[in-house]
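Only one structure is covered here, and it is reproduced in the block below.
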């Protein structure tokens, strides 16, 4: 009898947790500005983390397929992704502004204004996609050469790069429309759209890479085509929901016309968001350029290691995105203390998550790397990268949450300055010196990444504690 009584609370807690998890996956309208903050964070974070987990699974499986084509194919993917980081910076920066503006308007109970912000962001995305996609597709060969690729890599990846850059509109819209859903609190729909996109991706990848059944064998180019088709499918699903009668934010015809005032406000907020991600991504571009001086195996090793890290980073970014939504909506509802508490709770959870991952990277790198390559040189470089960067993950976890909390508040310029200090002024020169001026070589690049990310977290913590972000107007 006593045993049953003692076990009942634990059993009930488990049942309540599963009930909450099921609720988080349902497309149900909720008010995240009232009730338990922890519950609100969990309801938002679970679908966002699952959404990002699917993206991470795709990245890993895609790399397993591409790795079978050899080091040159892996290097093509690594160099092209380094170039795509500029595009990601624009897409994520605009998405950050869109989430902040939509979340604030939802918190203020102004749905029509939130829908107007969403439609105006689509115009900006179209202009940015055209500016990058057209020249990127036309000059893929020259861009690969500029990035230090040798003749084999250029020959292998010319068409892959052209398709990925030419399909930039699919990247912009998959990011942007999910940012609209997240800002509105419709995290389950955002999750399903990315699951659909990546599910199509995973099916088409082996078919187009290896020529299964009636499909042509396109090699690494097939991976790019599968990715673009998958993302486009997800976009169609997003638009179907946003034009439906049940959508919390409904894209109506009368809102489609360009609205200069709203677009300028989006540009003002996104300038900081774009700036902060441009700093991060352009620094990664230069890091890849430094690695390229050590040969194809160095780039391949880091590319594989970073893909494995994405499996962890992306779910953690899901938690960060949930924090941004909660901060934005609660500031809109004039509840700054609730917004602050949500960021603190999310930070603690993320530190524990990253601590566990860092331990796994330290003690089991061989198990994690085995599906990707058997090349001893590539394995050695990837193992070193995982262990060094993994050691700094718990500290990095703090910066991930707090910079997104600032972004959710609409304060996108502060993270931009923090990134400028940590990545341009520290990471790039430190990586160049450690790699070329010491015996660390490629490992010096990993140490530079770890040190600069740690400094970012410390600076973000001081800024967050100061509290000025709570008075940010959007």
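Just so you know, all these numbers are worked out from the coordinates, no wet-lab data involved. The structure displayed is predicted, hence computed values, not measured ones. Note that each Cβ is placed from the backbone with ideal geometry, even for glycine, and that neighbours are counted across all protein chains shown.
Compute the angle between helix 2-24 and the longest alpha-carbon principal axis of the chain, please, reported from 0 to 90 degrees and rounded to the nearest 10.
70
Decide, for the stretch 25-102, between rounded, prolate and oblate: order the square roots of the alpha carbon gyration tensor eigenvalues as a ≥ b ≥ c, take rounded if a/c falls under 1.5, and otherwise choose prolate if a/b is larger than b/c, else oblate. Can you show the working numbers first?
On the way: a/c = 4.51, a/b = 1.97, b/c = 2.29.
Oblate.
List the extent of the Cα atoms of the stretch 60-214 along each of their three principal axes, largest first, rounded to whole Å.
Projected onto the principal axes, the Cα atoms of the stretch 60-214 cover 56, 33, 23 Å.
What value in Å³ per residue do you get for the convex hull of the alpha-carbon atoms in the stretch 342-421?
Numbers: hull volume 9.1 nm³, N = 80.
Considering the Cα atoms of the stretch 342-421, their hull volume per residue is 113 Å³.
Helix 71-107 versus the longest principal axis of the chain: what angle, 0 to 90°, nearest 10, using Cα atoms?
10
Taking 0.36 nm per intervening residue step and subtracting the Cα-Cα distance, what contour gain separates residue 20 from residue 34 on full extension?
On the way: separation 14, 0.36 × 14 = 5.04 nm, distance 1.64 nm.
That works out to 3.4 nm of additional length.
Using only Cα atoms and rounding to the nearest 10 degrees, what angle (0 to 90) does helix 187-210 make with the longest principal axis of the chain?
20
With the contact rule set at Cα under 8 Å and sequence spacing of 6 or more, what percent relative contact order holds for the chain?
Working: 811 pairs, mean separation 106.4, N = 474.
Across the chain, relative contact order equals 22 percent.
Roughly what would the spin-label model give for residue 253 and residue 425, points 7 Å off Cα along C-beta, in nm?
5.4
May I ask for the Kirkwood hydrodynamic radius of the chain, worked out over all distinct Cα pairs and given in angstroms to one decimal? Numbers along the way, then the final one.
Numbers: mean 1/r = 0.0440 Å⁻¹.
Answer for the chain: a Kirkwood hydrodynamic radius of 22.7 Å.
With a point put 7 Å past each Cα toward its Cβ, work out how far residue 113 is from residue 127 in nm, to one decimal.
Computed distance between label sites residue 113 and residue 127 equals 2.3 nm.
Which whole-percent values make up P(r) of the stretch 212-337 when all C-alpha to C-alpha distances are grouped in 5 Å steps starting at zero?
The calculated distribution, bin by bin, is 2, 7, 7, 11, 18, 18, 13, 10, 8, 4, 2, 0.
How far apart, in nm, are the 7 Å Cα→Cβ label points at residue 239 and residue 466?
Label-label distance for residue 239 and residue 466, simple model: 4.3 nm.
How would you rank 337, 205, 62, going from fewest to most other Cβ atoms within 10 Å of each one's own Cβ? Display every interim value, and only then the final one.
Values: 337 10, 205 24, 62 21.
Placing the least packed residue first, the sequence is 337, 62, 205.
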